[in-house]
Amino acid sequence: MIIYRPADFSTTTDANALRKLMNAYATDPMGGNTPISDTILDSLPRLLALRNDTFSIIAWDSHVPVGLANCFVGFSTFAARELVNVHDLVVIKSHRYQGIGKALLAEVEAVAQLRGACKVTLEVLQNNAPARKAYADVGFVPYELAPGAGVAEFWQKKI
């Protein structure tokens, strides 16, 4: 049975789970195929624990971390309410296609509702068909402000 619970990155157990799951995500083709440096992995739990605009949920199969949602709280000026962005969503290969990603998103949505958020957002790669289907199955749709205005794209400029 899979257990979902909020992460506490001040604990060794959850900090180690974060390191493992983030590196599994990063080394996957949909995460860039590149491991995260040990320096970043070692600092990530402490830095996330210090923030008050983030929360994470870990999925556990017995004592093994198998999934993770890292979320950041933003603000919608159109709704004058918080929004929650799922920045990282990972399920390890051995546990995919079992509904864990969808369950993590349900947990995120529950937290967002408790916070009074107006929406949950996430990004997905165009070629990640399994993730796109899972997101659609639980109600996510491409972001469009008005019919005909076009679907929003997620762009970046590294600095």
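The values are calculated or read from the model by the stated rules, or taken from the named source; none is laboratory data. If you're wondering where the values come from, they're calculated on a predicted model, not measured in any experiment. All Cβ positions, even for glycine, are placed from backbone atoms using ideal geometry, and neighbour counts span all protein chains on display.
Would the stretch 11-29 turn up any residue that is of a type outside the set (A, V, I, L, M, F, W, C), in a helix (DSSP H, G or I), at pLDDT below 95 and more than 28 Å from residue 145 (Cβ to Cβ)?
Yes, that holds for at least one residue.
On the basis of being in contact (Cβ under 8 Å) with a residue 12 or more places away in the chain and loosely packed, with under 10 Cβ neighbours inside 10 Å, does residue 116 make the cut?
Answer is yes for this residue.
Among residues belonging to the stretch 51-92 that are farther than 26 Å from residue 118 by Cβ and not β-branched (Val, Ile, Thr), point out the one that is surrounded by the most Cβ atoms within 10 Å (Cβ to Cβ).
For the stretch 51-92, the residue satisfying everything is 65.
Search the stretch 11-43 for residues being touching a residue at least 40 places away in the same chain (Cβ under 8 Å) and acidic (Asp, Glu), and hand back the single one that is surrounded by the most Cβ atoms within 10 Å (Cβ to Cβ).
Checked the stretch 11-43; the qualifying residue surrounded by the most Cβ atoms within 10 Å (Cβ to Cβ) is 14.
Pairs under 7 Å by beta carbon, first residue under 23 Å from residue 98 (Cα atoms) in the stretch 50-61, partner of a type in the set (S, T, N, Q) and surrounded by 11 or more Cβ atoms within 10 Å (Cβ to Cβ), six or more apart or different chains?
These pairs meet every condition: 56/70.
For residue 101, state whether it is of a type outside the set (Phe, Trp, Tyr) and surrounded by 12 or more Cβ atoms within 10 Å (Cβ to Cβ).
For residue 101, the condition - of a type outside the set (Phe, Trp, Tyr) and surrounded by 12 or more Cβ atoms within 10 Å (Cβ to Cβ) - is met.
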